[in-house]
Structure formats: structure tokens, C-alpha cells
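Input: a single structure, listed below in C-alpha cells.
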Amino acid sequence: MNGPSSTKAWAALQDQSKKFQSSEFRLTRLFDVDSSRFDKFSVQHDKLLLDYSKNYLDDKTKSLLLDLAEQCSVPQAIRSMFAGEAINSTEDRPAHHVALRNSSLSNQQVEIENNLNRMASFISEVETGQLNGFENSSIKQVINLGIGGSDLGPAMVTAALEGFDNKKIKAYFVSNIDPSHINSTLLDLNAEETLFIISSKSFTTLETQQNALRAKRWLLESGVCSDSVSNHFIGITHNTQAAVDFGIRTENIFPIWDWVGGRYSLWSAIGLPIALSIGMDNFKELLAGARSMDEHFLKSEMAENLPVLLALLTVWYTAFFNCHSSVVAPYSQRLQLLPSYLQQLSMESLGKFVDKQGNLTQTNTGEALWGTAGSNGQHSYFQLLHQGKENIPVDFIAIAKPHASDCINQEQFEQHQHLLSNCFSQSLALMNGNDEDEHQHKRLIGNKPSNTILMNSLDPHSLGSLIALYEHKVYVQSVIWNINAFDQWGVELGKKLSKELFTAFSSAADVDKRDLDSSTSNLIKQTIDWNA
Ligand code: F6P
């Protein structure tokens, strides 16, 4: 495979794109001429509806995009993922997170099941007070110390599903190496009742290591005796020895297998804080929702396949409409962390300029993904979406039925309806624009594409499906672009340089002896000076 641009479909799509680039083209016209457009360009799986009708799409374009998927061997690539083949080619291992949702796909079925059982008994020990902190205090809160995939997924899901079970355990998340993050979290907490979960696949990540050491010191300073400190730590890692060396008891270490990538790991023991907050049954429902999307991804026709369709649209815009970024706007405060989570999923997976064979890619690859919860975004960055020069496709996510605890009366239910009408109005305004010709400054050109994902409700099952939808979307993009979605070598250089630069902070005089450019050395010297 030489990349998508050498396929026949690519050339045909290039040609086809001209129609949508013409000044005559109106998205609204596509609806005027075809009353069945919504039926044609929407698809539902489980309780999740994807409306992709407000896109630069007609029958011919869709068929060419599907040809592109075939010519880039997307169906085979999907089967390879489920079969546990080494699709993470640069690290020569599978990316088999689907097996965490369906253990029968794996030759480690027993280990996966055992791990779920261990998580369940651990949670019940915490809840029933069998697992205690110092002086037999019961555990009231857990603090997850982790970053990237060991933080974003669990933090996002925990926030989204808060209140799904009447758990007494509250989960906090500390990721940043900035000491203010852990300090502000620990401020009002009682050490005796606090359990730290050190979540780190490698157990070498600087931020997590530093926060774990700070946690240990805090326990000791708060009066927990040194013999009891290990009662307050759980480790989730692939590097058991490093966790033992830190002082975590072997029986308190949960595994994460090397075939689970960090940003695909919330389904593993990395999801322990989620399971502690919402209960193991709900955690299993989250897995079931993802499994349902997995089955859809594996078995549905390409033309009806949600992840494939979403991926093809992104490839279409990135390649032929010069789109460099896209927005995810969940109209749900509970999903406010979703854009940050998706940022890692998409940008750490797809930010690659070298293809699987080691050649420079011939086409654009990953785009910048950003967004915030609606309706807040409407009062900040939506101006750029409506009147900016660049086209920025949007994924709107809306939830039809509010969570009972969020809408306890008719007034609050109406507030939820305001939320939804805001969401649907934005995709309408982006598409329609206006005919304001008197005041050019007030003019909205319209013609801006968007998808809307309408969820029946925000519950563990549907959230599991939504996350798996985006995981698979990213994979399909990588297959079409012929890049490996499962490594992240780009972040290593910065880590190495930071270790070296750290030593320069000890003496201003030494900074000049280092082989540093004048910008970096002066920034360090000024910092030392202002701290003196
Ligand atoms: O530096 C990037 C990264 O490796 C991510 O891919 C990963 O999710 C994160 O750091 C945390 O890694 P770990 O779980 O090994 O601490």
C-alpha cells in the first residue's frame, strides 16, 4: 500500500470535490432536492443515532468514499484488529483493546476475566470496609495519580457518570506535575481515609512518579505510620517490579498488558477509579456498550458502519477541503472532559508524517481536534466557526433524555430542552448562514458541515458505545492514511530534553557551559534569577 493518494478512488474524489468547492454549491440545496436525505445519510446503532446528512455528500461521493475504504483495505484491517494481529507495527504487537470488552477474542481470556473478578472483589473490600487505611479507618476517597491515557479516560467517564450508583467512594484525579494540582486536591482530605491509585503502564512517567512520592510524604506527614503507608497504595502497571520497588504490595498491583495502549486503556484495570465510583455492574455495562459498537464495527456493511463513515468524512475534508482542524461539541456538562480525552485519542494516534513503510506520507494526516461543552462554546469560539475563513467541521453530541438527577422538575426539563435546541440551532446556522446583504459584517456564509450524534441517554452502555465509536474512527483514519495509530514516538524527545534541562536549574553559572541556544539558556537564567 502506497498511501491513499495512489488509489483510483482518490483521483475520482479529487474530481468530485470540485462540485462542492464551487461558489454555486449550497448544502441547503441538497435537502431541497432530496426529501429523503436524512433517511439516506443517517444511521442508528443501539441507542446512538448518527446524522451525517449536513455534509458535503451525495450518493456518488459516498460511493467513492466507500471505494476508497475498500482500496485501502479497511475491511481486512478491521479483521486484523479483532484477530489480535500485530497492527502496532513499529512496536510489533497487537492493539487488542477490543479483547478487554470481549475476552473470548484473546488467548489471555482467563487473565482478562480474572482481572475483572479481582477488580470486583477489591471494590467490595473497599465498600464493606475489609480494606482499610491506617488505624482501620474506612476508605472514603481514591486519588488516581496518572497522566495521559492513565488519567483522561477514567477522569472523563467518572465525571460523565457521576451519581450512577450511590457509592460512598469519591474519585479524584491528579495528573499535572505542577504541585498545585496535588496540593489543592489534598487540601481538605483525611490521609487515613485516602487510597492512592498509581496508574502508569510504564511506571516510569515523571509526572506520576513525582506525584506518587509527594503522596507518600503527605501520608507520613499526616501521621500515617510508615508500616501502614503501603495500605494506602494500589498500583496499575505493566512494570510490576518498579511498583514493588516503590513500596506497593504485590497483591495490590493490577496488571495492564503490553497490547493495551495507554489511550485505549480505560477498559482495563486503569478503569478501577471508574468502577469504584459507579460500581462494578455499571463498569461492566460500559464494557458491554463498547462491545456492542465493536460488533457493529466488525460486522456491519461499510456503508452503514458508523466509525467507517465518520472516518471517511474526516479524510474527505482533510484531503480535499484543506480542513486542518475539527471540533467536538458535546452538549452536556457531564461530557465536558470528552474533548480533552478525544484530543489524546486522535492527535497522539494520528499525528504522524511517516507511513507504515517508513516513507513520508503523501497526504495530510491528523488534524487538530478541540472543543468544549455546549452551550459554553457558543459564547467563545463559535464566532470563528460561523465567520472564520477556514472550514472547521463539527461533531455535535446531544443527549435526548437527561439523567433523572439532573432534571428533577419540569423547569429543569425545559432547561434541558433549551440545551438541545441550542445544539440543533448551531448545526442549522452553520449550514444555512443568512442573507444579510446590507451589513456585510453580519453575514454568515453558511455551507459549514457538521455531524450530529444523538444519544438516547448518557448511561454506562451508551457512553461505552460512544467511546468505542471514536476509537474505531481513529483506527480507520490511520488505515486509510497508512500510518500506525498505536505508537507515539513524537513525545519522547521532549521527555529526554526535560531531564537534561532539569539539571541546568541548579546553577546559573553552569548554564553557559552547556551547549544551549541563547533563547533556552536565557530563559533558564532568568528563572534562576527571579527565584534567587
Ligand atoms: O507520554 C505519552 C504517554 O506515553 C501516553 O501515551 C500515555 O498514555 C501516558 O504517557 C502515560 O503513560 P504511563 O501510563 O506509562 O504512565
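The values are calculated or read from the model by the stated rules, or taken from the named source; none is laboratory data. Note that this is a predicted model, so its numbers are computed, not measured. Cβ: placed from backbone, ideal geometry, glycine included. Neighbour counts: every protein chain shown. Ligands, DNA and RNA are stripped out before the accessible areas are found, and what is left, the full protein with its side chains, is counted by its heavy atoms. Shrake-Rupley method; radii C 1.70, N 1.55, O 1.52, S 1.80 Å.
Things to note:
- Applying the criteria of a DSSP loop state and at most 11 other Cβ atoms within 10 Å to the chymotrypsin sites (Phe, Trp or Tyr not before Pro) of region 108-173 yields no site.
- Sequence-separation-based contact order of the chain, relative, with Cα cut under 8 Å and 6+ spacing, percent: 19 percent
- Anchor K54: aspartates and glutamates whose Cα lies under 14 Å away (excluding residues fewer than 8 positions away in-chain): D32, D34, D39, D395
- Shape category assigned to region 106-180 from the gyration tensor of Cα positions, a/c cut at 1.5: oblate
- Computed from the alpha carbon atoms alone, the convex hull of region 276-377 holds 152 Å³ per residue.
- Only one residue of H232, L276, L266 has its Cα farthest out toward the positive end of the dipole of region 201-309, where Lys and Arg carry +1 and Asp and Glu -1 on Cβ, and that residue is H232.
- When only the Cβ of Lys, Arg, Asp and Glu is charged (+1, +1, -1, -1), the dipole of region 38-127 relative to its Cα centre reaches about 200 debye.
- Element breakdown for region 343-420 at a 1.4 angstrom probe: carbon and sulfur atoms account for 51% of the accessible area.
- Phi-based couplings in Hz for region 387-402 (Karplus 6.51, -1.76, 1.60; Gly and Pro marked x): 10, x, 6, 8, 7, 10, x, 10, 9, 8, 10, 10, 10, 5, 9, x
- Links that overshoot a 23 Å alpha carbon limit, given the list K40/K60; K352/K496; K19/K47; K19/K352; K62/K356; K19/K473: K19/K47; K19/K352; K62/K356; K19/K473
- Gyration tensor verdict on region 335-449 (Cα atoms; rounded if a/c is under 1.5, prolate if a/b is larger than b/c, oblate otherwise): oblate
- With N counted as the residues of region 481-532, its alpha-carbon radius of gyration over 2.2 N^0.38 Å works out to 1.58.
- Reciprocal of mean inverse Cα separation for region 404-532 (Kirkwood radius, Å): 21.5 Å
- The eigenvalues of the Cα gyration tensor, multiplied by 5 and square-rooted, give region 194-295 an equivalent ellipsoid with semi-axes of 28, 16, 11 Å from largest to smallest.
- Rounded to the nearest 10 square angstrom, V43 shows an accessible area of 10 square angstrom against a 1.4 Å probe.
- Dipole in debye (nearest 20) - the chain, about Cα centre, beta carbon charges: Lys, Arg +1; Asp, Glu -1: 540 debye
- Region 10-75, accessible surface, carbon-and-sulfur percent (1.4 angstrom probe): 47 percent
- When the charge dipole of region 57-102 is built from unit charges on Cβ atoms (+1 for Lys and Arg, -1 for Asp and Glu) and taken about the Cα centre, the candidate among L64, A99, A77 whose Cα reaches farthest toward its positive end is A99.
- Per-selection Kirkwood Rh - region 1-99 (Cα, Å, 1 d.p.): 16.3 Å
- Whole-number D in µm² s⁻¹ for the chain, Kirkwood Cα-pair radius fed into Stokes-Einstein, 25 °C, 0.890 mPa s: 98 µm²/s
- The protection proxy used here, the mean number of other Cβ atoms lying within 10 Å of each residue, ranks peptides 278-285, 372-379, 186-193 as follows, highest first: 278-285, 372-379, 186-193.
- The eigenvalues of the Cα gyration tensor, multiplied by 5 and square-rooted, give region 7-63 an equivalent ellipsoid with semi-axes of 23, 16, 8 Å from largest to smallest.
- The separation of region 177-230 from region 317-357, counted between C-alpha centres, amounts to 32 Å.
- Using a Förster distance of 45 Å, the FRET efficiency for S89-E438 (Cβ separation, nearest 0.05): 0.20
- Å² of accessible area per residue within region 146-259, as computed with a 1.4 Å probe and no ligands counted: 42 Å²
- The dipole here belongs to region 86-191: it is taken about the Cα centre, uses +1 on the Cβ of Lys and Arg and -1 on the Cβ of Asp and Glu, and is about 180 debye.
- Peptides ranked, highest mean first, by Cβ atoms within 10 Å: ranges 445-453, 386-394, 489-497: 445-453, 386-394, 489-497
- Helices assigned as whole DSSP H runs in the chain whose Cα atoms extend at least 30 Å along their own long axis and whose mean Kyte-Doolittle hydropathy is -1.0 or higher are found at 410-432, 460-481.
- In the chain, a dipole from Cβ-located charges (positive for Lys and Arg, negative for Asp and Glu) runs towards its positive end, and of H418, H181, P449 it is P449 whose Cα lies farthest in that direction.
- Here the gap between F38 and N136, fully extended at 0.36 nm per residue and compared with their Cα-Cα distance, gives a gain of 29.3 nm.
- Put the Cα centre of region 409-478 next to the Cα centre of region 60-84 and the gap is 27 Å.
- Cross-link partners for K442 among the lysines, with Cα-Cα distance under 21 Å and sequence neighbours closer than 8 places in the same chain left out: K389.
- DSSP bridge orientation in the chain - percent antiparallel, rounded to nearest 5: 25 percent
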